[in-house]
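Peer 1: Supplied in structure tokens, the structure appears directly below.
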2 protein chains.
Amino acid sequence: MSKLNFSISGNSITATRYDGKARHFNLTVDEPEEFGGKDVAPNPVEYLLAAYAGCINVVIHLVAKELQVTVNNISININGDINPDRLFGLLTVDRAGFESLNVDIDLDSDASREVIDTLFEQVKDRCPLNDNLSNSTPLNYNIRHLVN
Amino acid sequence: MSKLNFSISGNSITATRYDGKARHFNLTVDEPEEFGGKDVAPNPVEYLLAAYAGCINVVIHLVAKELQVTVNNISININGDINPDRLFGLLTVDRAGFESLNVDIDLDSDASREVIDTLFEQVKDRCPLNDNLSNSTPLNYNIRHLVN
């Protein structure tokens with residue numbers, strides 16, 4: 001298949017709020033009040049968790065269909081810890097983002113444990129978010145500095 | 001500072017739709033109709049782009065304040081290509097996720113180009129999303145297989 005391009009375009013509204021548009025969807029990101037925001041929307045790392053959970057859901061169903069596995073219900077809960085010291089400019093050797101992510105899945109299915117193991121090997125290999133989180137992605141910045 | 005924990009909890013609603021909750025926010029993820037969804041919400045990789053853009057916004061303002069740089073306006077647009085072959089189970093050597101991400105920023109500020117360069121070195125080092133995208137993150141799956 002040909003490659004697909006995905007994009008978001010938007011603007012800084014406040015020091016914590018970003019309003020963006022992806023296709024016909026408006027997406028607002030903010031921070032809780034304790035991080036200086038107005039808490040009008042989830043914060044950036046919560047958007048990342050939603051992206052990852054949503055991606056896992058799609059790929060579980062895709063692979064289950066191929067394996068002719070019936071899936072009745074799926075709960076997906078993801079959490080992780082961040083040491084905010086680096087973000088706030090404090091001296092630390094810790095990384096800025098999630099140290100790791102814990103993906104807890106309750107899967108209601110009549111399939112055998114062996115088939116479920118095969119299914120999740122495929123999910124991990126084929127889920128775009130799993131790839132971009134577990135491997136390095138080149139980030140190309142193009143900064144246009146406008147001076148009035 | 002002590003570590004912060006962020007989480008999302010939710011359920012598969014359809015083969016493409018996930019409804020999750022992060023703190024008091026409801027987050028719905030879906031896919032466009034061409035990928036089998038009902039297009040009721042942005043898709044997983046669009047959530048990732050929103051997370052990254054929102055994170056860059058927060059960290060630009062945080063660092064600008066430290067450097068006593070006045071920022072008037074910021075536009076942040078991010079896009080990237082995905083080869084969907086791996087996701088769809090077709091033979092490919094290409095990765096599943098974004099090959100790379102292009103971050104286009106228009107920054108309206110009276111600061112010198114040198115100061116802006118320093119600012120973005122800090123942004124790249126301290127933005128949690130920049131870290132989790134440019135470096136590998138351990139992903140720990142805990143799968144509970146319920147059989148009725």
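The values are calculated or read from the model by the stated rules, or taken from the named source; none is laboratory data. Fair warning: this is a prediction, and the values are worked out from it, not measured in the lab. Cβ sites come from the backbone with ideal geometry, for glycine too, and all protein chains shown count toward neighbours.
Peer 1: Quick test for you: out of A:Asn102, A:Asn43, A:Asn132, A:Asn83, pick the one residue that is touching a Gly at 6+ places or on another chain (Cβ under 9 Å), more than 30 Å from B:Asp85 (Cα to Cα) and polar (S, T, N, Q).
Peer 2: A:Asn43
Peer 1: Specify which of the listed residues (B:Leu139, B:Leu90, B:Leu129, B:Leu133) is out of contact with any Ser or Thr (no Cβ under 6 Å at 6 or more places or on another chain) and either touching a residue at least 40 places away in the same chain (Cβ under 8 Å) or surrounded by 13 or more Cβ atoms within 10 Å (Cβ to Cβ) (or both).
Peer 2: B:Leu129 is the lone residue from the list that is out of contact with any Ser or Thr (no Cβ under 6 Å at 6 or more places or on another chain) and either touching a residue at least 40 places away in the same chain (Cβ under 8 Å) or surrounded by 13 or more Cβ atoms within 10 Å (Cβ to Cβ) (or both).
Peer 1: A further question follows. Pick out the one residue from B:Ile60, B:Ile105 that is part of a helix (DSSP H, G or I), touching a residue at least 40 places away in the same chain (Cβ under 8 Å) and among the hydrophobic types (A, V, I, L, M, F, W, C).
Peer 2: B:Ile60
Peer 1: Kindly list the number of the only condition in (1) modelled with pLDDT of 95 or more; (2) aliphatic (A, V, I, L, M); (3) closer than 30 Å to B:Met1 by Cβ that fails for A:Leu91.
Peer 2: (1)
Peer 1: How many residues does the range B:72-124 contain that are more than 7 Å from every other protein chain (Cβ to nearest Cβ) and under 18 Å from the mean Cα position of the chain (by Cα)?
Peer 2: Number satisfying all stated conditions: 3.
Peer 1: Look at B:Lys124 and say whether it is farther than 30 Å from A:Phe120 by Cβ and not hydroxyl-bearing (Ser, Thr, Tyr).
Peer 2: Judged against the criteria, B:Lys124 is a match.
Peer 1: From B:Leu139, B:Leu67, grab the single residue that is of a type in the set (A, V, I, L, M), modelled with pLDDT of 95 or more and under 26 Å from A:Asp104 (Cα atoms).
Peer 2: The unique qualifying residue is B:Leu139.
Peer 1: Would you say B:Asp81 is closer than 23 Å to A:Leu146 by Cα and either assigned to a strand (DSSP E or B) or modelled with pLDDT under 95 (or both)?
Peer 2: No, not satisfied.
Peer 1: To continue, here is another question. Give the range A:125-145 a look and list any residue that's among the basic types (Lys, Arg) and within 17 Å of the chain's Cα centre (by Cα), or say none.
Peer 2: Scanning the range A:125-145 gives a single hit, A:Arg126.
Peer 1: On the given criteria, is A:Thr16 more than 7 Å from every other protein chain (Cβ to nearest Cβ), modelled with pLDDT of 95 or more and either under 17 Å from B:Tyr47 (Cα atoms) or crowded, with 18+ Cβ neighbours inside 10 Å (or both)?
Peer 2: So A:Thr16 does not fit the description; no.
Peer 1: Among the residues of the range A:43-71, write down those that are within 7 Å of chain B (Cβ to nearest Cβ), aliphatic (A, V, I, L, M) and touching a Ser or Thr at 6+ places or on another chain (Cβ under 6 Å).
Peer 2: Within the range A:43-71, A:Val58 is the sole residue that qualifies.
Peer 1: Hey, another quick one. Being part of a loop (DSSP other than H, G, I, E, B), more than 29 Å from A:Asn140 (Cβ to Cβ) and in contact with a strand residue (DSSP E or B) (Cβ under 6 Å, 6 or more places away or on another chain) is the filter here, so list the residues in the range B:13-49 that pass it.
Peer 2: Once the filter is applied, which keeps residues that are part of a loop (DSSP other than H, G, I, E, B), more than 29 Å from A:Asn140 (Cβ to Cβ) and in contact with a strand residue (DSSP E or B) (Cβ under 6 Å, 6 or more places away or on another chain), the range B:13-49 yields only B:Ile13.
Peer 1: From the list A:Tyr47, A:Tyr52, which residue is under 30 Å from B:Lys124 (Cα atoms), touching a residue at least 24 places away in the same chain (Cβ under 8 Å) and crowded, with 22+ Cβ neighbours inside 10 Å?
Peer 2: A:Tyr52
Peer 1: Against the definition (touching a residue at least 12 places away in the same chain (Cβ under 8 Å), assigned to a strand (DSSP E or B) and over 15 Å from the mean Cα position of the chain (by Cα)), how does B:Gly10 come out, yes or no?
Peer 2: yes
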